[in-house]
Amino acid sequence: MSPPHRVNPQPLSLSPRQPKDPTTTEMARSNFSVLTILSVILLLPVLSLSFSPDSPSDRRLLVLFDDLSLQSSHSIFFNSLKSRGFDLDFKLADDPKLALQRYGQYLYDGLILFSPSIERFGGALDLAAVLDFVDSGHDLIIAADSSASDLIKSVATECGVDFDEDPSALVIDHRSYAVVGIEGDHTLIAADDFIESDVLLGENKIEAPVLFKGIAHSLNAANNLVLKVLSASPAAYSANPSSKLSSPPSLTGSTISLVSVVQARNNARIMITGSLDLFSNRFFRSSVQKAGSPKRYDKSGNEQFVAELSKWVFHERGHLKAVNLRHNKAGETDEPAMYRIKDDLDFSVEIYEWSGKSWEPYVANDVQVQFYMMSPYVLKTLSNDKKGLYHTSFKVPDVYGVFQFKVEYNRLGYTSLLLSKQIPVRPFKHNEYERFITAAFPYYGASFTMMAGFFIFSFVYLYHK
């Protein structure tokens, strides 16, 4: 019997590993570099549209719909934004490719949410992403209606307003309703209780009432940054128009806000309203007559109201910048490294406002500067030359330490300014004091009197018998 035949195992790789071709490697590296450069070049135009404090216009806005038909039914508003230099990107709110940023850079500078019924955003967008967008200094417009979802209401709540919790409730007003051909349920309101602010609504007064049909919201009492721009009348209330009231409405009268705005501490601006129809072509073109008023307007005030308020929201108005903060000793031009107590100094700063096209001098009489160390030792109101230059002069206090020139400016509707520059203040050197100090004359007199008295006493004691 012959032994079994033994089969030697064969290696898996029958051919030796070939070295890489240096030419192929270099070509791969070259192609990768080209692709990288092309990607950056393609991304640059997008990133260059981002908001800049030095050029608040020509920005990119993302508009989210829950129905693409809104693009045509609200086209007048969108065309107004385009005519003012904005680049609009229209998308469905549930688009799976939605994203506000790429490679750590925001792709948009403003967000318009015309998607009240959306339950969940698509792509990388969610409630936290929207709030981070605002926290990064970007602007937001929220328009809701009776179909408002919990997601939209949550965004509004985080911004400082609370929509009515009753999903069937609308704003009803039996005194300030808009007169129509047939007797309705008085949910179409002709509102004209505007905030008195030229910076928010422009210098031209809005004559015609604004048509509003939607849900009510109230302001969070704990948030002092939110403002009513358009308020309901004292007779308004929030309820279901198709059923009788079984209990008092939760929102009534002037506590109801129809349109509100927020300016965050980082100067991000937000507009919130419970009426998506407020922006519609139908409301823009509609004639309006307020109940109890004999005057009928051929055109509602919606277009002017929305256009002017959107200018504020997107920083076309009320946007300030401060430059060239300077200080120097009186009679000199160079900025010193430190001051001495009781020095006379001059302080100046230039403040400009964006007009929508260029920077114009900002003129106001309430800009102040503090000379600050733990608390303000000097508080001076700055004079201006009507050309943007604010200036003042004062004497350094008789206290030495590390001070700050501080300008804190907060005015309704304007971006806040916070400027500071640190400067040390030293006491007098020994050779800088006066030779004879007036306040020390009594001590000088006491010293010389003591010497004279000792001399007289010594003379009398030694020579008197």
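The values are calculated or read from the model by the stated rules, or taken from the named source; none is laboratory data. Quick caveat, the model's predicted, so the values are computed rather than measured. Note that we place each Cβ from the backbone using ideal geometry, even for glycine, and neighbour counts take in every protein chain shown. In case anyone asks, the SASA skips ligands and DNA or RNA and just uses the protein heavy atoms, side chains included. Shrake-Rupley method; radii C 1.70, N 1.55, O 1.52, S 1.80 Å.
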In the range 315-349, which residues are more than 19 Å from Pro397 (Cα to Cα), surrounded by fewer than 16 Cβ atoms within 10 Å (Cβ to Cβ) and touching a residue at least 24 places away in the same chain (Cβ under 8 Å)? Val323, Asn324
Quick one: would you say Ala307 is closer than 30 Å to Ser73 by Cα, outside any loop (DSSP other than H, G, I, E, B) and not β-branched (Val, Ile, Thr)? yes
Counted residues in the range 219-255 being at positive phi and surrounded by 15 or more Cβ atoms within 10 Å (Cβ to Cβ) come to 0
In the range 350-386, what residues are in contact with a Ser or Thr (Cβ under 9 Å, 6 or more places away or on another chain), in contact (Cβ under 8 Å) with a residue 24 or more places away in the chain and outside any strand (DSSP E or B)? Gly356, Lys357, Asp366, Val367, Leu382
Does Val306 meet the test of being modelled with pLDDT of 95 or more and out of contact with any Asp or Glu (no Cβ under 7 Å at 6 or more places or on another chain)? yes
List pairs: first in the range 279-296 and touching a residue at least 24 places away in the same chain (Cβ under 8 Å) and on the phi < 0 side of the Ramachandran plot, second of a type in the set (D, E, K, R) and outside any loop (DSSP other than H, G, I, E, B), Cβ under 8 Å, 6+ apart or cross-chain? Phe283/Asp277; Phe284/Glu303
Please go through the range 64-102 and pick out each residue that is part of a loop (DSSP other than H, G, I, E, B) and either open to solvent by 40 Å² or more (accessible area, probe 1.4 Å) or free of Cβ contacts under 8 Å to residues at least 24 places away in the same chain (or both). Asp66, Asp67, Leu68, Ser69, Arg84, Asp94, Asp95, Pro96, Lys97
Across the range 227-258, what is the total count of residues that are modelled with pLDDT under 90, touching a Lys or Arg at 6+ places or on another chain (Cβ under 9 Å) and within 17 Å of Asp145 (Cα to Cα)? 0
So is Leu227 closer than 30 Å to Asp135 by Cα and either outside any loop (DSSP other than H, G, I, E, B) or over 24 Å from the mean Cα position of the chain (by Cα) (or both) or not? yes
